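Comments concern the structure below.
The values are calculated or read from the model by the stated rules, or taken from the named source; none is laboratory data. Computed from a predicted structure; not experimentally measured. Every residue, glycine among them, receives a Cβ derived from its backbone with ideal geometry; neighbour counts consider all protein chains shown. The area values use the complete protein model at the heavy-atom level, side chains included, leaving out ligands, DNA and RNA. Shrake-Rupley method; radii C 1.70, N 1.55, O 1.52, S 1.80 Å.
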Amino acid sequence: MKNLYKYIILKFPILTIILFGAFILLLGSYSSKLEIDASAQTLLLEDDDDLNYFREVSKKFQTTDMLLLTYKPKVELLDDKSLDVISSISKEISELDLVENVVNILNVPLLQSPVREITELVDDVQTLGNGGVDKTLVKEELKTSPLYSGIMVSKDFSTTAIIINIKKDEKYFELLNKRNELLFNDNRTSEENDRLKKIQIEFKEYRDLVRDLESQNIQNIRNIVNKYKDSGELFLGGPSMIASDVIGFIRSDLVVYGSTLVFMFIFILWVIFRQIRWIVFPIFICFVAVVASTGILGFFGWEITVLSSNFIALQLILTISIVLHLIVRYRELAKKYTYSSQYKLVLNTVLSKANPSLFAVVTTIAGFGSLVLSNIRPVIDLGWMISSSILMSLIITFIIFPAVLIKLSKLQPNTKFEDSFSLTKSCATFVENKPKYIFITTVAVMIFAFIGTSKLEVENSFINYFKKSTEIYKGMEIIDRDLGGTTPLDIVIKFKDIHSFESSNDIDDEFSDFEDEFEASSSEEQYWFTKQKMDLIVKVHDYLQNIEHIGSVQSFATMLKVGNTLNNGVDLDGFKLALIYTKLPKEYRDIVVTPFINIEENEVRFFTRVIDSNVELRRDELIKKINSDLAQIISPDEATYRVTNLMVLYNNMLQSLYESQIKTLGFVLLTLFFMFIVLFRSILIAFIAITVNLIPIGIVFGIMGVFSIPLDIMTITIAAISIGIGVDDTIHYIHRFKEEFKKDHNYTNAMIRSHASIGYAMYYTTLVVVCGFSILILSNLVPTIYFGLLTVLVMITMLTSALLLLPKMLIWLKPYKKVTTI
């Protein structure tokens, strides 16, 4: 190490800067390839079997992505002015290229306005948009029909939903399936690996193209909607709109975090150092580190997600922490050795900080690297991103700092801040004179942490990811409250016997009544609608409808209930149902029948929406209850069933968080413990170091448990990240304590001198980290705000623990051999 600086970097600083600068520029050229992925897939488990099943179901029942536009007019919903607005908006939106069709109260089939015979109904389906209908009857049907009440119109009849069905992109799913088929094949051949690389490139290029088109499509819809804002309240919702907006949030966060942090750093560095050099220099190194790191991300194709949207902030914080330790050490040497040359000052600075900085970075990498143990893709990517970036920051800092500084003149430090601020001195005095308070507080904190952690739960509603001021939140709140819930949950039943004719005798008699008019539908479809199946469909539908957390249920049972009304209170028989199935015009069949029945597969689908904003909702418990209850309702001899859709996929991700948290935290603690043993060559010091870092994490988990802050995809990373960053203070302090202890073998004196030297660097870096993470409260994403606040808390407790508990434990347990006095 010494020779590297002595014979290369400090001997040829200009050449070093030029060559290294060229390398950074090369890396930076890939930063333009940095991409953002805010799709729902980034919140799902990578190899989730439920995800594959969900895609199969979507294909079987021909479901497509959709957007939901809520409209609450200023006048009566069925007033001509309101209907004109609905008609105009729908017409304009339906003309957009990516829109398949638009469903609204004007074009849904009216089945009870007035009540008519089935045969008459299927031949002449009326809609509100066709005109000639009684609005009083229409209002009654919309308010009371299970097809529309709470789904197309709110219960109070003030708000309606305009459903915008998006065209399904077959090529996208074809490429996705090809990629996944190869990606999750553990026994790929070399040829298949080559195909996978090609298909991944092709898929990503096409996906980006699709996203651009979707983003433009959403903007076009918003432009149309904005023209009608004066007529009432309009909110747009739906997965693709949320993904598009979140991408905007992430881009905004990257810019806001980066620019705000730079101004914040300038202010803090000026307050602390009061010298231009120590403001410009750290900012420059941070800039170079960010350029290099984004280049690495672009080179490896890692994408910024919701979770890693604070990547730039983390990179800046971690980099300036390394630089601050070097600056403080240089200033300390410059003040102590007034007549020393710049060469010796720079050389001693980098050599004295090389080992503790290296170990601090390695332990930080261990902290972030533990995230790769998770099976959640954005968590894994964040682990790789930060691990590679912090390593790059270390290399850049220890090359640029000495190479540039050696060409500058020696500078005596301005110590006005240190002279006037006595936090570290006060801590040293407290450690020396009030030891029992430190231990009592530690025990109290441990009890609090244990109680709080026992209350920690994995639960979070998707709607709470967003601030209440955002359009996403407002739209989801209305859909959740008035239009049947936001989170889709499907139950798919597969009947055992596809050619069940058990009720054929019952329906033979009925057939004769409709033989003439129904001869075209003489296929087996007419025999599929058996009483046994219909009874089970109604039974399951009624069960789901009575579940508190489910806002709406749509299935073929809805049609059966409407049919009962049309048939004078008598259930529709198989032939009348088959008549509806085959004779109802396709445009209406696609609304009330096709999404719920697949005769070819002998399956039925129940589409429900869960009220996501219900604070009493416990997703895992709800899914388990539904599975358990359905096992009692559905005989295994009759049919099988499976619960699916976004609710299941999201819950799978949440439940994996507990396992991931245990894995990552356990890995970090074990790794750090063994690294401490290697670094300090003492099990006792390793025990002290790990204890000091564990307590702040316990405080954070305790607070999360006591204040019901859920463990989610963002907060899961706090423990690993906080230990990764906070452990730096422990390493630097113990390293310096040991050096000071060698001088007089006095523990208390070593503590006082350590506080007066490395204590300042620890304080400065913590100040920067705390200020840096505090800007995350500016985000539009609530988990990011929680993450920022909790990380600020853990960083403050880390510093407190390092300046009070750590020195006290060193003095108390006396891990070093030569001891004179306490």
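Accessible surface of V280, taken over heavy atoms with a 1.4 Å probe and every protein chain present, rounds to 90 Å². Mind running the shape call on region 590-654? Use the C-alpha gyration tensor, a ≥ b ≥ c as the square roots of the eigenvalues: rounded below 1.5 for a/c, prolate if a/b tops b/c, oblate otherwise. Oblate, because a/c is 1.5 or more while a/b does not exceed b/c. Under the simplified labelling scheme, the S708-E548 pair shows an inter-label distance of 1.3 nm, with each label point 7 Å from Cα along Cα→Cβ. The residue among I623, V138, Q112 whose Cα reaches farthest toward the positive pole of the charge dipole of the chain, with charges on the beta-carbon of Lys, Arg, Asp and Glu, is I623. The dipole here belongs to region 300-421: it is taken about the Cα centre, uses +1 on the Cβ of Lys and Arg and -1 on the Cβ of Asp and Glu, and is about 580 debye. Which of the chymotrypsin sites (Phe, Trp or Tyr not before Pro) across region 329-413 are loop residues per DSSP, with 15 or fewer other Cβ within 10 Å? Those satisfying the criteria are Y337, Y339. Taking every full run of DSSP H in the chain, the ones that stretch at least 18 Å from end to end by Cα along their long axis and average 0.5 or higher on the Kyte-Doolittle scale are 13-28, 239-273, 277-300, 311-336, 342-369, 377-405, 435-454, 646-680, 683-706, 758-774, 782-800. Taking R0 as 25 Å, what FRET efficiency do you get between S29 and L183 from their Cβ-Cβ distance, rounded to the nearest 0.05? Result of the calculation: an efficiency of 0.35. For region 194-290, just say rounded, prolate or oblate: build the C-alpha gyration tensor, square-root its eigenvalues into a ≥ b ≥ c, call rounded for a/c under 1.5, and beyond that prolate if a/b exceeds b/c, oblate if not. It is oblate, given that a/c is not under 1.5 and a/b is not larger than b/c. Each of R179, R251 has its accessible area taken with a 1.4 Å probe; listed largest first, they run R251, R179.
Judged by the mean number of other Cβ atoms found within 10 Å, the most tightly packed of the peptides 754-763, 461-470 leads the ranking 754-763, 461-470.
Label separation (S87 vs N627): 5.0 nm, computed from points 7 Å beyond Cα along the C-beta direction. Calculated on the alpha-carbon coordinates, the convex hull of region 249-357 measures out at 114 cubic angstrom per residue. Take each peptide in 485-491, 424-430, 473-479, 204-210, count the other Cβ atoms within 10 Å of every residue, and average; sorted highest first, the result is 485-491, 473-479, 424-430, 204-210. For the chain, the mean residue ellipticity at 222 nm estimated from helices alone is -21000 deg cm²/dmol, where every DSSP H run of n ≥ 4 contributes -39500 (n - 2.57) and the total is divided by all residues, rounded to the nearest 500.
Approximating the spin labels as points 7 Å out from Cα along Cα→Cβ, the E95-to-K2 distance works out to 8.1 nm. As a ratio to 2.2 N^0.38 Å, the alpha-carbon radius of gyration for region 700-822 is 1.26. For the chain, with all protein chains in place and a probe radius of 1.4 Å, 57% of the accessible heavy-atom surface sits on carbon or sulfur. Remark: accessible surface ordering of S259, S113, S244 (largest first) is S259, S244, S113, probe radius 1.4 Å. Between the amide H of K467 and those of V782, distances stay under 5 Å, these residues lying 5 or more places away or on another chain, with hydrogens modeled in the peptide plane. For the peptides 188-196, 726-734, the ranking by packing is 726-734, 188-196, with the highest mean count of neighbouring Cβ atoms within 10 Å listed first.
With the convex hull drawn over the C-alpha atoms of region 683-749, the volume per residue is 95 Å³. A Förster radius of 22 Å combined with the Cβ-Cβ distance from I18 to M264 puts the calculated FRET efficiency at roughly 0.10. The gain in end-to-end length when the D156 to K539 segment is fully stretched comes to 135.1 nm, 0.36 nm per residue minus the alpha carbon separation.
Pull out a ≥ b ≥ c, the square roots of the eigenvalues of the alpha-carbon gyration tensor of region 373-453, then state rounded if a/c is under 1.5, prolate if not and a/b is larger than b/c, and oblate in the remaining case. It is oblate, given that a/c is not under 1.5 and a/b is not larger than b/c.
Sorted into 5 angstrom bins from 0, the C-alpha pair distances of region 72-133 split as 3, 16, 22, 20, 17, 13, 7, 2 percent.
For the chain, the relative contact order works out to 19 percent when only alpha carbon pairs closer than 8 Å and six or more residues apart are counted. Treating r as the C-beta distance of D208 and N414 and R0 as 35 Å, the FRET efficiency rounds to 0.10. According to the Kirkwood relation over distinct C-alpha pairs, the hydrodynamic radius of the chain is 30.5 Å. Looking at the P(r) of region 281-414, how many percent of alpha-carbon pairs lie beyond 25 Å? The proportion of pairs with Cα distances above 25 Å equals 32 percent.
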